[in-house]
Structure formats: structure tokens, C-alpha cells
Amino acid sequence: MIRQYELVDRVKKYNPHTDEALLNRAYVYAMKAHGGQKRASGDPYFSHPLEVAAILTEFRLDDASIVAALLHDTIEDTSTTRQEVDELFGHQIGALVDGLTKLKKLDLVSRQATQAENLRKLLLAISEDVRVLMVKLADRLHNMRTLHYVPEAKRKRIAEETLDIYAPLAGRMGMQEMREELEDLSFQALFPDAHKTITDRLKHLRARSSDIIARIEQALAKKLFENGIQADISGREKRPYSIWSKMERKAIAFEQLSDVFAFRIIVGSVEECYRALGIVHTTWPCVPGRFKDYISTPKQNDYHSLHTTVIGPGHQRAELQIRTEDMDRVAEYGIAAHPLYKDGASEEERAALAKDSRAYEWLRRTLEIITEGDSPEEFLEHTKLELFQDQVFCFTPKGRLIAMPRGATPIDFAYEIHTNVGNSCVGCKINGLTQPLVSELRNGDEVEIIRAEGQTQPPAAWESLVRTGKARAAIRRATRAAVRAQYAGLGRQIVERGFERAGKVYSDDILKAVLPRLARTSVEEVMSEVGRGEMLANDVVRAVYPEVKADRPVGRTEKVPGSRGLKHGSTLREIGPGAIHGASGSAIPILGLRADLAVRFAPNGGAVPGDRIVGIMVPGEGVTIYPIQSPELAGHEDHPERWLDVRWDMEAAEVLRFPARLKLTCVNEPGSLANITGAIAERDGNIDDISMVARSSDFHEITLDIGVHDLKHLNDIIRDLKRLDVVSSAVRVNG
Ligand code: MN
């Protein structure tokens, strides 16, 4: 375990202005906070944050990062609070430690390798500060270095996660050395036998000739220079993980795998690449089948290079990659990891990938500035990570990671899983707690969607609540289908009653037979058009039975009664322009409030259960329900085909509300409006809208749109209002 003064010395080497007192305070604080806690290795727990801080000194990070590293496990694992850290070390360090605590919580979530890319983005989105990410990577690196003390099952899980998430992330950020160490440590934990075989073999090869890499480098450089090519050559022994993954990929036995040395030859131009290749091939024998020209045929990820393997100086196989500086940059950092040019990728996908690759590129440059800059302090303080902040990443209970635009709701989440899940979704739990479906999701939330069996229709209003195009399209589609089905269902009832009126019996088969005569292709289409009022039921009947007479306008047989004196239970047959009316028993039942669908209530004054009602069907608008006293019905008297015999079907109606309009004349004095609204609320009436007109200095006229359960409820409210001293008259109005 390194000592307090050693850590300070390391920081001082690159940062002479370091705040020694601050580092010392954090050192002592973290040591005390972790107290007697032990690591799996048996070491004091404090050795871990200390080592993490030490790793960060290699990246020459600022004081805030070093302190955050020392404190990174305190909030989660000790009694320390965020507030305490803020008070003792300032808000900046508090925010860093808080970020690390958030990331640590993420470790507990189960995950799938196929979601790795999204998990990396989630990590970046949560980090918010590049220093949080750096501490997190150093934390992971130290945990990997001490992984052999951890029980086997946990060890494998951590190693897999490191291989899937953290090693590639380090690579994207341009930290190739850290990537390789993370890969090798993971490989060792996951496949200890394979790892040992490969390292033993490498040891053996190294023992045979210790300076082999330098000798091959020199030989290559000399030969190229003689032929007028200035090349930058770097050779290295491949890492065990990279050797192993090549064996896996190519299914080669280890005995055959002798090219464990790899050399990169960087030249000035494409032309020089090919010339260098020619020189190499005429100087040393090449291994057959190993030459690849990724310059004339680049890989899908835009990787350009020439590959070959030769039996080089000292009869040692050497794998060579020849490329230009530009090609090297792409291979190292750039879009190599992104299948930008994947065939069949949509414009949108390409744009997203390009954006991602720019994000990683930005991150890499940022880290370069930190690790190479003279004074990273100020730069770090003003560098905020804004990567993937426009996205939000949430988990299913099984650990699947779903990426959505920021502002997404559980409804979006449900539709991301599957359209059927979205359509049948009725509720949700976020992190185990029941929450409204319109909640805004946050990074790392675990979302459980509650579905109702038999529910297939989302409320149309969801369309305006969701953020993803996928959810919006699905809701629109489902709503359209439901409206279509509703129209067709309504049309079917109208057609069946049309047949009944003509004394005939309807069946789908007889309608099918006359479809050509109606110039329609399906029964469904006919029903839907009748439901929309675009085709007359009588025309359908007459297509089958031409002898049936056409509907004619018939005057009303009863005077329209006023809002008082309605007799309950009387039939509707005598009220409309009778042509379409059957027996009252065959009236079309109007279900509760499905106002989002084909049936709506009279816009001026509504209709409530207990009212005698009539449906008016206007082509393209569906059915509007009017109480029979509505003066607006007069406007439809010349269109008997629009009149529909309807009745209330109110089994479960108590909870529903229906619209009605009241007109009040009331005294103009302070508090009168409060009296009125109070009286309505007292009776459990619901006020939807109020408009007020001053009639004189003494009186106001108020128009009130209210929601009531039925006619009795409405009349109770009217009676209560009339009793108020401030109200001089209260009447229901229609239209
Ligand atoms: Mn840790």
C-alpha cells in the first residue's frame, strides 16, 4: 500500500501547485471512513481507493480527480453522505463522488453482452464529467488487477463485463494501453488455462531471442530506406488476449500460431504502401494465404491497410501492417468500431453512427489534452461531458437495456419492447415503485410494464405524450384501426336494422353476393362506410332487395319537448323523422364515454343519461348524440338518412361523466362565483368550462359546461344552484 507522502510526491511531480493539504485531508478522511473494512484480498479496504488514485497520477489528473478517487466508494459503502463531502471538500468534488456513486449502482444491474454498446453510452451519459469516467476506469482497472481474490462466479461476471463494456470504452477513448490490460486481465479470469498456455509460449519465444523485436524493426527500416522509403516502424509482442482471439476467430491451434510479433509500418502515401509491400515480399519469404489488401477493398468499418506475414530476420514470423498516417488514425481511434457504411443502413442510422463516432472522437481528444497538457486543472473544470445526454437508457426487469430519446416515458419504453406490450400497457413500476405512465424516465431506471389481458387499444391521447416515433406510429395505427372497427361495428348495427325495417333478415353471405353491385370489395368496407355515413343502409338493403322503397323525409310525429317534463322509459320511435326507426328494443346502444372514437356528444350542451337521445350521422364525422330537445336537430330534419335510433347503455356508467351546459343569471357581488362553483363541487359536479358576460352593473350571465353522471344528477345541481341567494335563474341549454 502506498503511503500518504508517496501519493503526494507523485502528484507533485506533474503538478507543483498541488494543494497538499487537500490531498492529505482526503487521504485521512477516506482511511477513517473505510475504517476496518477489508477487501477480498484481506488488505484494508482503503488500499483500493488509494491505488485508484495512484493509477490516476499516471494520467496526470488534477487534484479534484485524485481526491474523488480517494473518496469514490465512501458514499456507497460507508456512512458518509454527499452533503458531508460537499462541506468538507467543496461542491465540485462532491459532484464527482456523486457521479461515481451513481455509476456504482449501475454495477448491480444484470446485463447482456449484446447490449454492450448501449451500456457504454449509458456510462457516458451518466458520467457528465470526463473525470468521473477516468476514475471509474481506474477503479475498474484496480479491481481487475486484484480480481483473483474474488469468488469464482463473481469473478467471471466482472471479467465478462470488463471485456464487453470497459475495455472497448477505454479503446474508444484512445487509451489503448488500458484497453489491453483490461482485456488481458479479463481473459485470464475467464480462461485461465488458455491464458497460461499462451503466456508460457510467449516466455519461451522471448527466451530464445530477447531483442527480436528491435532486430526486426531495424532490418525492416534499413531495407525500406535503401529503397527510398521513409517509414515509421513500431513492433511489439502481441498481447495474450489478442493472440487468443485470433486463434478463436481463425480456429488455429496454438502450435501453428507462431506470428506473435506484429509490426506497423507507417509510410507517406498509398503508393508507398504498395512499394513497401513489394520490397518486403522480395526480401523475405511471405507466408501463403496471409496477404490482405484492405486498401483496394477496405473493411466495412472503413479500415484501410495492407496485411502480410513474412518469415523475417532470424526466421521469425512477423505480421506486418502497412498503411499511411491517415489510415492509422482511423484504425486506432476513429470510426473503426462503427459500421458506418453497413449496407442497408438507413439515412437515420448512418447519421446516428456518425454522431456516435464524433462523440468518441471528441472524448479521445479531450483525454489527450488532459494527459498531455501542462496544466489540466482549468481545462478539466470547464469540460463537461455532454455525450449521449440527449438519450436516456433504461433496463427491463431481465436486464435488457433500452435506449430512448430524453424525455421518454414508460409508454415509450413499452413500445420499444414490443408493439403489443405498448398496446396492452396499463401501468408501470419504476425501480420497484408504482409510478404514473407519464413519468419522465431517468438513466439507469428499471422499468416494469404492467399489462392488462385483453387490452389491445391504447388511449388516442397517448400520441401526444410519447417521445419516440415508434410509439407514436404504433398508437396512431392502433387508434386508426379501432376507429375503423368502431365505424364498421356501428355500420353493421345500422345495416342490420335497415334489413329489419324492410322485414328482411341480414346475413354476411347475402351482402357478399351483391358486393359488385355496390362497387365494394368486402363486407367490412361496406359496414365501415355505412358507419361513417358515407353510404346509406337503405341502399345496402336495396342492393339485395330492389323492391324495397327508398327512405323519404318524414316529419316528426311528436313535438320536441323542453328540458322539463321528460318521461323516462318512453320509446324513441315517435320522435325522429321516423323512416329509420325500428322498435325501441332495436335502438343502437351507446356505451359510456368513448368520445375519442366515432361517437361524440353534442358540442353545445352535450347529453346526459336520462335524456332521450338521437344520433345524427354526418359523413366523415361519425355519430353525434343530441338530447331530443336540442334545437340543433332542426338543421338535420331534411336529412332523414342521418337520423339514428340510439339509447343509453349504461351498465357501468356511475363512474363516467357526461357533458351538459347551464346558463345562470347571477348577482354581481364579491364571492358569487365562488358560491356557484362551491355548490357544484358540493354535489360532485365537474366544471369543464366557465364563461361570464356582464349584462348590467348588477347582473352577470354565466355559461357553465359541467360533467355529470346523469339527468338526475344534473337536475339536483340545477336545484341547488337556484337555492343560492346570488343566483336569480339557472337553466339547462342545448345549442
Ligand atoms: Mn471502487
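Normalised by the number of residues in region 54-201, the average gap of Cα pairs under 8 Å and 6 or more apart makes the relative contact order 19 percent. The value of relative contact order for the chain, using C-alpha pairs under 8 Å at least six residues apart, is 7 percent.
Once the gyration tensor of the Cα atoms in region 81-236 is diagonalised, the equivalent ellipsoid follows with semi-axes of 38, 22, 14 Å, ordered largest first. Values of log10 I(q)/I(0) for region 193-336 across q = 0.11, 0.14, 0.17 Å⁻¹ run -0.42, -0.68, -1.00, by the Debye formula with one identical scatterer at each alpha carbon and no solvent. As a ratio to 2.2 N^0.38 Å, the alpha-carbon radius of gyration computed for region 24-80 takes the value 1.07. Each Lys and Arg adds +1 at its Cβ and each Asp and Glu adds -1 at its Cβ; summed about the Cα centre, the chain shows a dipole of about 1780 debye.
Each of 670, 692, 727 was placed along the dipole of region 658-733 (beta-carbon charges, centred on the mean Cα), and the one lying farthest toward the positive end is 727. When the Cα gyration tensor is reduced to axis lengths a ≥ b ≥ c, the ratio a/c is 1.5 or higher for region 174-277, and with a/b above b/c it is classed as prolate. Using a ≥ b ≥ c from the Cα gyration tensor of region 284-330 (square roots of the eigenvalues), is it rounded, prolate or oblate, where a/c under 1.5 gives rounded and otherwise the larger of a/b and b/c decides, a/b for prolate? Prolate.
Estimated translational diffusion coefficient (Stokes-Einstein, Kirkwood radius over Cα pairs, 4 °C, 1.567 mPa s) of the chain: 39 µm² per second.
Straight-line cross-link partners of residue 549 among the lysines, defined as a Cα under 16 Å from its Cα and at least 8 positions apart when in the same chain: 504.
In this entry, region 658-733 is assigned a mean projected area of 4.3 nm², taken as a quarter of its C-alpha convex hull surface. With the convex hull drawn around the C-alpha atoms of region 390-467, the volume per residue stands at 78 Å³.
Looking only at the chain, where both bridge partners belong to it, what percent of the DSSP beta bridges are antiparallel (to the nearest 5)? Given both bridge residues lie in the chain, the antiparallel proportion sits at roughly 80 percent. Relative to the dominant Cα principal axis of the chain, helix 347-372 is inclined by about 40°. The alpha carbons of region 366-522 occupy a box of 96, 35, 23 Å along the principal axes, longest dimension given first.
Each Cα pair under 8 Å and six or more residues apart adds its sequence gap; the mean of these over the residue count of region 390-467 is a relative contact order of 35 percent. From its DSSP helices (H runs of at least four residues, each -39,500 (n - 2.57)), the chain gives a residue-normalised ellipticity at 222 nm of -14000 deg cm²/dmol.
Checking the table 105/398; 250/292; 156/246; 104/136 against a 18 Å threshold on Cα-Cα, which pairs fail? Checking Cα-Cα distances, 156/246 exceed 18 Å.
Throughout, read-outs are computed from the coordinates displayed, never taken from laboratory work. It should be emphasised that the depicted structure is a prediction, and the values quoted were computed from it without experimental measurement. Cβ: placed from backbone, ideal geometry, glycine included. Neighbour counts: every protein chain shown.
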